[in-house]
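Since the structure comes first, as structure tokens, the remarks are kept for the end.
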Amino acid sequence: MYVADTIVAPATPPGSGAVAIVRLSGPRAIEIARLLWRPLREDAPLAPPRELRLGEVRDPKSGALIDRAMLAVFPAPRSLTGEDVAELQCHGGRYLVRRIVALAADAGARPAAPGEFTRRAYLNGRIDLTEAEAIADLVDARGDAALAQALAQLSGALAARVEGLRAKLIGLRARLEAEIDFSDEDINLPPRAEFARVADALAADLRALIDTFRRGRIVRDGARAAIIGKPNAGKSSLLNLLLGSDRAIVTPIPGATRDVIEETAAIGPIPLVLADTAGLRAEADPVEALGIERTRRTAAAADLTITVFDSSRRWEPADDEVIALAARLPGLALLNKSDLPRMLTAGELRARGVALPIIEFCALAADGLEPLRERLAALVEELADSPGAGDGRVAITRERHRAALESAFESLTAASVAASAGMPPEIVAVDIMAATDALDAITGAVTTEDVLDLIFREFCIGK
Ligand SMILES: Nc1nc2c(ncn2[C@@H]2O[C@H](COP(=O)(O)OP(=O)(O)O)[C@@H](O)[C@H]2O)c(=O)[nH]1
Ligand SMILES: [Mg+2]
């Protein structure tokens, strides 16, 4: 087992509350907790593991009373980290918690780094990396869809999916081993074409899992919507309407929005991250031109677009770029300012190549807001469901997963090509092993300190 020092940290967020938890983990965790904490009645038996007992926390040096607190101990290996763990439930005061952590530090515990408890759980084999990431996602979840996804991953759904793929790679490896072992003997080996067929089918499975990334990311982080259109079309008005607050400046002066403004709107079970952008036009000053470049980048990185057209103005060449940007992604088109005399119609938009659903809208009167919210929510849910739908509910949620699967896919494809080309089995096996290693990086069966640092950095202290 992984041997470590003893760490301490508050497991509850800073601030005042009814209760706070100070957590210790490591070989001296229980000893240090007992040094600080005594049962209320000295003659009372100590609580059995995993049961709370009321007692007092005192400064072991001066004997000064610090707090009344509950203690629970979790002897290794049946604990969060797999090590001895002690948890003090004290009153939730900022100073109080700091004082108790300092007492534990005086007694020999080291203040824990962010995510260090979870990292130890991983190092001690209590959880794999996908489960550790699921814990972070669970804590960060902003809606039911994100919760469900994190819980599925926490129960090992992604790890099981990866394990299934890995088992098939091991099967391919075994075929190659057989070829190596029996190459001198005159027996009938399965033809290479069969090997390549199995490898290609497995590569397709990998691709299907890679394709779940957008869904997993959208459920976890929300869908990104870019609000695009010409200056003065009503983009900032729309952002404010959807947020229900005056976030962006609205003015009749064209070109007022110069930077991208991003805010999250709650329109359904999945958050929608709205980006209000600088209006697209040719005759922009240098600052506005930089803003317009950002508009293009934001639109390129978005999951969907909300395109705003000004129905009170005639068609202009700048609208063509708006349409070209919007055509690349799913989304909605708003024909805004329906309260003003009409110079641009839905029919003309269609004729100019707008294929998106077109909604008549009036940002000034919030006319059409409810149907818009409903359609946006439906669109986001569709995005979160469609790709890789045949893959059950399992989705990859991080760039790390995607990169590892991409690498496994490439190695597997190389193996298939090498096998078909009649390369020696030892050569083909190298690619199969590389693919296996790439998959192992997802669950953490194979990993490096750097990767662990990256993963656990996103955790807060005490987790
Ligand atoms: N009459 C009318 N004016 C609107 C409507 N929506 C926005 N405006 C006005 O159009 C101008 C530009 O709006 P803004 O949201 O700043 O547009 P942006 O440049 O696309 O961000 C402002 O004066 C708004 O009050 C609408 O539906 N009807
Ligand atoms: Mg604006």
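Things to note:
- DSSP beta bridge pairing in the range 7-128, given as percent antiparallel to the nearest 5: 95 percent
- Within straight-line cross-link reach of residue 235, lysines at Cα separation under 17 Å, skipping those fewer than 8 residues along the same chain: 337
- When you count the other C-beta atoms within 10 angstrom of each residue and take the mean per peptide, 332-338, 452-458, 273-279 line up highest first as 273-279, 332-338, 452-458.
- Per-q log10 I(q)/I(0), the range 7-128, q = 0.14, 0.18 Å⁻¹ (Debye; single scatterer per alpha-carbon; no solvent): -0.54, -0.90
- With all protein chains kept in place, the per residue accessible area of the chain amounts to 46 square angstrom at a probe of 1.4 angstrom.
- The listed peptides 361-374, 110-123, ordered by packing as a protection proxy, come out as 110-123, 361-374 (highest mean of other Cβ atoms within 10 Å first).
- Kirkwood Rh, Cα atoms: Rg over Rh of the range 220-385: 0.93
- Taking every full run of DSSP H in the chain, the ones that stretch at least 20 Å from end to end by Cα along their long axis and average -1.0 or higher on the Kyte-Doolittle scale are 157-181, 192-210, 286-301, 369-385, 399-420, 425-443.
- Computed extension length for residue 106-residue 367: 87.6 nm, one decimal, from 0.36 nm per residue of separation with the Cα-Cα distance subtracted.
- Sorting 348-359, 234-245, 22-33, 204-215 by average packing, meaning the other beta carbons within 10 Å per residue, from highest down gives 22-33, 234-245, 204-215, 348-359.
- Cα shape, the chain, gyration tensor, a/c 1.5 rule: oblate
- For residue 463, the lysines whose Cα comes closer than 30 Å to its Cα, not counting residues fewer than 8 places off in the same chain, are 61.
- DSSP bridge analysis restricted to the chain gives an antiparallel fraction near 60%, rounded to the nearest 5.
- Net dipole in debye of the range 357-463 [+1 Lys, Arg Cβ; -1 Asp, Glu Cβ; about Cα centre; nearest 20]: 160 debye
The values are calculated or read from the model by the stated rules, or taken from the named source; none is laboratory data. A quick note: this is a predicted structure, and the numbers were derived from the prediction, not measured. Quick reminder, even Gly has a Cβ in these numbers, built from the backbone with ideal geometry, and neighbours come from all protein chains shown. For the accessible areas, the whole protein counts, side chains as well, though only heavy atoms, and no ligand, DNA or RNA atoms are used. Shrake-Rupley method; radii C 1.70, N 1.55, O 1.52, S 1.80 Å.
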